[in-house]
1. So ALA150 ticks every box in (1) surrounded by fewer than 16 Cβ atoms within 10 Å (Cβ to Cβ); (2) not charged (D, E, K, R); (3) not in a helix (DSSP H, G or I) but one. Which box is left unticked?
2. Which condition number in (1) under 30 Å from VAL134 (Cα atoms); (2) exposed (fewer than 14 other Cβ atoms within 10 Å of the Cβ); (3) modelled with pLDDT of 95 or more is the one that ARG98 fails?
3. How many of the residues making up the range 125-147 are assigned to a helix (DSSP H, G or I) and crowded, with 16+ Cβ neighbours inside 10 Å?
4. For the range 79-122, what are the residues that are out of contact with any strand residue (DSSP E or B) (no Cβ under 7 Å at 6 or more places or on another chain), hydroxyl-bearing (Ser, Thr, Tyr) and either outside any helix (DSSP H, G or I) or under 24 Å from ALA160 (Cβ atoms) (or both)?
5. Return yes when VAL187 is in a helix (DSSP H, G or I), hydrophobic (A, V, I, L, M, F, W, C), over 22 Å from PHE74 (Cα atoms) and modelled with pLDDT of 95 or more and no when it is not.
6. Between a first residue in the range 134-155 that is basic (Lys, Arg) and a second residue that is part of a helix (DSSP H, G or I), which pairs have beta carbons less than 8 Å apart while being 6 or more apart in sequence or on different chains?
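The values are calculated or read from the model by the stated rules, or taken from the named source; none is laboratory data. Everything quoted here is computed from the prediction, not taken from an experiment. So basically every Cβ, Gly included, is an ideal-geometry build from the backbone, and we count neighbours across all protein chains shown.
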Amino acid sequence: MSSRPPSRRDAAAIAAAPASTTVRGVSQPVRLPFDPIARASELWRDRWGDDSRSASMATATSVMRVQQLLLGQFDTIAGRHGLTFARYEALVLLAFSREGRLSMSRIGERLMVHPTSATNIVQRLVAQGLVERVPNPTDRRGAFAVITDAGRDAMEAVTADLEAVDFGLSMLDAEQHRALFDLLRQVRVGARDFDA
């Protein structure tokens, strides 16, 4: 066994790799006998000292891992209704719009994805009969995505299932939800994700 201190890559690999398996492209939790992110943080401190950013690394890696777990659960739930979570988000966005329709560029902007990704999402929803594409009268090259009744029904069904599992966060109480939201909002504001 090597006596060299763990590298940054070793610490990051411990934090990220063993904590999940993939089933049909969806990250699934694996019950390990230890917390790999906490262990990576210890290795980080051992390698770069107490003044290193081990807490920041552990926090960032935890946020990414929670995102993987939640998205895996959300995709599984949406999949029961023939959707992905990304397509479900697009349906919610259209349902929330005043007229049940939005331009492709607005969908991409609101979903915070590249316009090509937004177009791909809408094309798949059109193929499923959940959205229609209609011409934009003010932009001959553009189109609106319009949610159909079937799209509303699918969106409502996925929403009911997500509500039933408390969006994967049933382990938190109301105060913890507020505290976590406020902390994550600070990160988003600091990254200039939106105008605060």
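1. (3) is the only condition that ALA150 fails.
2. Unmet for ARG98, out of (1) under 30 Å from VAL134 (Cα atoms); (2) exposed (fewer than 14 other Cβ atoms within 10 Å of the Cβ); (3) modelled with pLDDT of 95 or more: (3).
3. Result for the range 125-147: 2.
4. Of everything in the range 79-122, those that are out of contact with any strand residue (DSSP E or B) (no Cβ under 7 Å at 6 or more places or on another chain), hydroxyl-bearing (Ser, Thr, Tyr) and either outside any helix (DSSP H, G or I) or under 24 Å from ALA160 (Cβ atoms) (or both) turn out to be THR84, TYR88, SER97.
5. Here the answer is yes, as VAL187 does meet what is asked.
6. What qualifies is ARG152/LEU91; ARG152/ALA95.
Residue-wise test of (1) assigned by TED's automatic domain parsing to the domain that holds ALA118; (2) closer than 30 Å to GLY129 by Cα; (3) modelled with pLDDT of 95 or more; (4) assigned to a helix (DSSP H, G or I).
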{"residue": "ARG4", "(1), (2), (3), (4)": "no, no, no, no"}
{"residue": "ARG9", "(1), (2), (3), (4)": "no, no, no, yes"}
{"residue": "ALA13", "(1), (2), (3), (4)": "no, no, no, yes"}
{"residue": "THR21", "(1), (2), (3), (4)": "no, no, no, no"}
{"residue": "ASP50", "(1), (2), (3), (4)": "no, no, no, no"}
{"residue": "LEU70", "(1), (2), (3), (4)": "no, yes, yes, yes"}
{"residue": "PHE74", "(1), (2), (3), (4)": "no, yes, yes, yes"}
{"residue": "ILE77", "(1), (2), (3), (4)": "no, yes, yes, yes"}
